[in-house]
Amino acid sequence: MRLSLRLAAEQDLDEAFAWYESQSPGLGEDFLQAVNRALQAVTTHPLRYRVLLRDIRQALVRRFPYRVLYRIVRQEIFVVACLHAKHDPREWKTRQ
């Protein structure tokens, strides 16, 4: 399946990267690598992850308290958000 990141998800990643990088140089890169591993797993096994809200699935990012929220439409995976685990997962709806 093809994977696409919505603009809001890209902005989430940019903000998280900047925050982690400000905490410790190189930590932002570690975060992006962990997210990329989660995205690869989603691409390989998109139905493995549980449905969180209606058709939105959630994949957790290892080592970091983040979740990747995505939906499957036909043969494409749309990442709608990458949120901190403490944020309400319904927050992504306000972006559409």
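The values are calculated or read from the model by the stated rules, or taken from the named source; none is laboratory data. Keep in mind the model is a prediction, meaning the values are calculated, not measured. Cβ sites come from the backbone with ideal geometry, for glycine too, and all protein chains shown count toward neighbours.
Quick one: how many residues across the range 40-96 are in a helix (DSSP H, G or I), at pLDDT 95 or above and exposed (fewer than 12 other Cβ atoms within 10 Å of the Cβ)?
So the first thing to find is which residues in the range 40-96 are in a helix (DSSP H, G or I), and the list is 40-44, 89-95.
From what is left, the residues that are at pLDDT 95 or above are 40-44.
Retained after the next criterion (residues that are exposed (fewer than 12 other Cβ atoms within 10 Å of the Cβ)): 40, 44.
Residues meeting the conditions: 2.
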Looking at residue 3 and the list (1) surrounded by fewer than 18 Cβ atoms within 10 Å (Cβ to Cβ); (2) not in a strand (DSSP E or B), which single condition is not satisfied?
(2)
Go through the range 11-27 and give me each residue that's assigned to a helix (DSSP H, G or I) and over 17 Å from residue 85 (Cα atoms).
18, 21, 22, 23, 27
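Farther than 16 Å from residue 91 by Cα and within 14 Å of the chain's Cα centre (by Cα): which single residue out of 14, 30 fits that description?
None of the others qualify; the one that does is 14.
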Residue count, the range 43-96 (criterion: on the phi > 0 side of the Ramachandran plot and free of Cβ contacts under 8 Å to residues at least 24 places away in the same chain):
2
Only residues that are at negative phi and out of contact with any helix residue (DSSP H, G or I) (no Cβ under 6 Å at 6 or more places or on another chain): list them for the range 17-31, please.
18, 19, 22, 23, 24, 25, 29, 30
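If I filter the range 41-50 for residues that are charged (D, E, K, R) and either under 11 Å from the mean Cα position of the chain (by Cα) or within 16 Å of residue 5 (Cα to Cα) (or both), do I get at least one hit? Quick ask: steps written out before the conclusion?
Initially, the range 41-50 is screened for residues charged (D, E, K, R), giving 48, 50.
Adding the requirement that they be either under 11 Å from the mean Cα position of the chain (by Cα) or within 16 Å of residue 5 (Cα to Cα) (or both) leaves none.
No: the range 41-50 contains no residue that is charged (D, E, K, R) and either under 11 Å from the mean Cα position of the chain (by Cα) or within 16 Å of residue 5 (Cα to Cα) (or both).
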